[in-house]
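See below for the structure under consideration.
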């Protein structure tokens, strides 16, 4: 049972990579673009803050569920087919969402958009792993760079477009990207064979339980903004245990929990990715508010300041990739973690009277750390799994990212409930410093006995 793997079928690998890049950026781009549009959407549909919160949360819930599912389906039925279906779903939502006449219709279109974009990353990584043999890690690094860039520029792009054309334009902007990706995919990506054997058996109960546990944990974490909800916490624990023991007994589970328990290093990679995302996204959420309300910058200046994190993360990604190719994972990942501790520690070193250049430098240091940690952790995962497992592995990696986003959102709500000031900024920094320190032993564990391979996987 194997997936056809023939790099010689690819005549123009650069255009194959371009097709995947265009699809991969859609999920992070649509995650950040809508943030600027929320006030206009709230006014048009007369929504409460709770309605808006669920408009955002639903995207994370659906993405967290469907990324591993799409990875599983792409491993089984063929990556190109699932990738094209994902593009089709995003195009449908991008055309119909601007025509929404109610909150429920818009929520439905965002759900379809989340399902479609969730298919693109795991299927795209699977295509790269199947057809790109040379410099595979560098190709994956390129995808990470473009994903980071699209997320970073999402608010800036949507802010400029909304000023001239209103909030519907954030959906229409997807269409030229989708069309270009679809054409390149149809022309330059070969058909890959599905796994031979019996048809894929849907684990409906496992999928439902996974959706329930993700929803319960998200509701619990978001409730921490107000108070600790004991019953929601208990329900989250119960659904998690039900999911684990049910999947453990399944012959063909939705998520192979036995595989994760037998391969603790892979499980720890996902845990590390959650912690890395928590630090990064907590700052992406909190610093713009801090810069505007405490430092008193306008939104445009605050946005430009925030580019320091993403810009330096983007610059560090290819550097870290080449470093890893030369010396292995351990040293680059530990250095990235140490730089992260330094950067988060320096959050205590500025306040409302600090020079903007100094704040820019502190955020840039954190960006350097994130660039090294993100690509290093991601590539360490792909070094541990087979090509046939790459779809589900990448899907679970992105699910880990969404869990980190949820934790960061909860931290933001908890710490800024009483107001935005230097004291609460420092409270966030304390939590993030603890998390940054915890990353060190995890990196030591997942890189234990790490050796440089003479041949790229």
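Values quoted throughout were computed directly from the atomic coordinates according to the rules given, and no laboratory measurement underlies them. The structure presented is a predicted model; accordingly, all values stated were derived computationally and were not measured. Positions of Cβ are generated from backbone atoms using ideal geometry, with glycine treated the same way; all protein chains shown enter the neighbour counts.
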Just to be sure I understand the model, the point goes 7 Å from the Cα along the line to the Cβ. What's the resulting residue 249 to residue 219 distance in nm? 2.5
Restricting to Cα pairs under 8 Å and 6 or more apart, the percent relative contact order of segment 202-251 works out to 46
If R0 = 35 Å, then residue 267 and residue 202, at their Cβ-Cβ distance, give a FRET efficiency to the nearest 0.05 of 0.90
Could you list 323, 202, 231, 217 so that the one with the fewest beta carbons within 10 Å of its beta carbon is first and the one with the most is last? 231, 202, 323, 217
Under the 7 Å Cα-to-Cβ spin-label approximation, residue 187 and residue 358 lie apart by a distance in nanometres of 5.4
Could you state the number of Å between the C-alpha centres of segment 219-254 and segment 89-108? 30
Using the C-alpha gyration tensor of the chain, what are the square roots of 5 times its eigenvalues, in whole angstrom, with the largest one first? 32, 26, 24
Sum of -39500 (n - 2.57) over DSSP H runs of 4+, divided by residues of the chain (222 nm, nearest 500): -27000 deg cm²/dmol
Relative contact order for the chain, counting Cα pairs under 8 Å that sit 6 or more residues apart, in percent: 24
May I ask for the percentage of alpha-carbon pairs in segment 263-457 that lie more than 32 Å from each other? 17
For segment 202-251, the convex hull over Cα atoms projects on average to an area in nm² of 3.2
Distances over 12 Å make up what percent of all Cα-Cα pairs in segment 254-308? 71
